[in-house]
1. Output the qualifying pairs, or none if there are none: Cβ atoms under 6 angstrom, residues six or more apart or on different chains, first residue in the stretch A:76-91 and without any contact (Cβ under 8 Å) to a residue 24 or more places away in the chain, second residue part of a helix (DSSP H, G or I).
2. Among B:Ala127, B:Ala44, B:Ala39, which is crowded, with 20+ Cβ neighbours inside 10 Å and more than 25 Å from A:Phe52 (Cα to Cα)?
3. Have a look at B:Ala111, B:Ala138, B:Ala118 and point out the one that is crowded, with 21+ Cβ neighbours inside 10 Å and in a helix (DSSP H, G or I).
4. Please go through the stretch A:28-47 and give me each residue that is among the hydrophobic types (A, V, I, L, M, F, W, C) and at negative phi, ordered by number.
5. Among the numbered criteria (1) in a loop (DSSP other than H, G, I, E, B); (2) among the aliphatic types (A, V, I, L, M); (3) more than 8 Å from chain A (Cβ to nearest Cβ), which one does B:Ala50 miss?
6. Counting only residues that are over 11 Å from B:Val29 (Cβ atoms) and at the interface with chain B (Cβ under 7 Å from one of its Cβ atoms), how many does the stretch A:9-21 have?
7. All but one of (1) more than 7 Å from chain A (Cβ to nearest Cβ); (2) not in a helix (DSSP H, G or I) hold for B:Pro165; state the number of the condition that does not hold.
8. In the set A:Val133, A:Val95, A:Val113, A:Val126, which member is closer than 18 Å to B:Pro60 by Cα and not acidic (Asp, Glu)?
Amino acid sequence: MTAPFLDGSGGTTALIAAIVIGIAFGWTLERAGLGSARKLTGQFYFTDLTVFKVMFSAILVAMLGAFWLGRIGVLDLSRVYVPETFLLPQLIGGVVFGAGFVVAGLCPGTSCVAAATGRVDGLFVVLGMFSGVLVAGLAFAPLLSFYESTSRGSLTLPQLTHIPYGVIVFAIVAIALAGFRVAEFIERRAS
Amino acid sequence: MSEERGRPYADPYVAGAALGLVLLAAYVVMGRGLGASGAFASGAAGIVAAASPDRAQANPYFARYLGGRGPWLDWLLFEIMGVFIGGYLSALAAGRIRREIERGPHMSSRARLGTAFAGGTIMGLGAVLARGCTSGLALTGGALLSVGSWVFIMSAFAAAYLFAPLMKRAWR
């Protein structure tokens, strides 16, 4: 049997898996200290680069895991959902999101962890997120044409550049490892 | 303000690798990654649908959350409940549960709650436009080499660094 096992399932087993995966997700975010807004914002003042280190370690492990499990035939990558590309909405949405991130000090996932560990500011980020999504959703009509623009489907970097999958994976690993060294250097200088 | 509370946090590379394994497990089990903002969207769709079913169905953003078993049985909504539970349990085990308003040294509690809510609202708008956030778009799609995910990672970090000096008084 080839993974993924429960793709496309909305059944009770999938919802139980959702809770289990969510618990592990929340646990690792909290362990890393990412439920703390002051720790997170250290990223943007070059004092604490935990956000970069955690995020890129996670991307490396998941990227290498998906690549190798696909290569040995355990995981059917064609059945793993790749977030679709909409160039301009994701560029502009990213700018808006990044601005909100540095104001809030937490991102949507980490705000849930902050709230769960007693931080009232985390709860307010959760409530703000909710109101933002609600308002944007209710006022969606004028945004619709922009939202649907520059659609590229499930486009990946190997498809875009015609560079083999394994070469891109190797390049991202190399860039991230260099980035970790730079991050350690920056933190040593800040302390 | 916040002093270190409870036991120290884990090594970021170890915690990050563990997070990567969780993400990989989501690919292997579910054929999809992690997420956060999608759960908010589903909840918002559920509330709009409860208030006005016709309006929710007519709304192109909320309507797609109303299919399947409905917005309240959405996969991401259950996953995000897990995030609350997992975050709580981890902090409990490490003695890090404390009721507080975490803020910079020059900021009042009230102002901090204001920036938290305002920042959350701005992020919500950004996540709607981009179709995801740090979890569902950046992490999940980044590791699968989605072009849009890498565009989002670059633009979100660039914007955060661009706006950080304006928020310096709030955090440092």
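Values in this text are rule-based calculations from the coordinates and carry no lab data. The structure presented is a predicted model; accordingly, all values stated were derived computationally and were not measured. Every residue, glycine as well, gets a Cβ built from its backbone with ideal geometry; the counts of neighbours run over all protein chains shown.
1. A:Leu77/A:Gly70; A:Gln90/B:Ala130; A:Gln90/B:Gly148; A:Gln90/B:Val151; A:Gln90/B:Phe152; A:Leu91/B:Val151; A:Leu91/B:Ser155
2. On the way: B:Ala127 fails: more than 25 Å from A:Phe52 (Cα to Cα); B:Ala39 fails: more than 25 Å from A:Phe52 (Cα to Cα).
Going through B:Ala127, B:Ala44, B:Ala39 in turn, just one is crowded, with 20+ Cβ neighbours inside 10 Å and more than 25 Å from A:Phe52 (Cα to Cα): B:Ala44.
3. Step by step, each of B:Ala111, B:Ala138, B:Ala118 is checked, and only B:Ala138 is crowded, with 21+ Cβ neighbours inside 10 Å and in a helix (DSSP H, G or I).
4. Those that are among the hydrophobic types (A, V, I, L, M, F, W, C) and at negative phi: A:Leu29, A:Ala32, A:Leu34, A:Ala37, A:Leu40, A:Phe44.
5. The single condition B:Ala50 does not satisfy is (1).
6. Residues meeting the conditions: 3.
7. (2)
8. Numbers: A:Val95 fails: closer than 18 Å to B:Pro60 by Cα; A:Val113 fails: closer than 18 Å to B:Pro60 by Cα; A:Val126 fails: closer than 18 Å to B:Pro60 by Cα.
Testing whether each residue is closer than 18 Å to B:Pro60 by Cα and not acidic (Asp, Glu) leaves just A:Val133.
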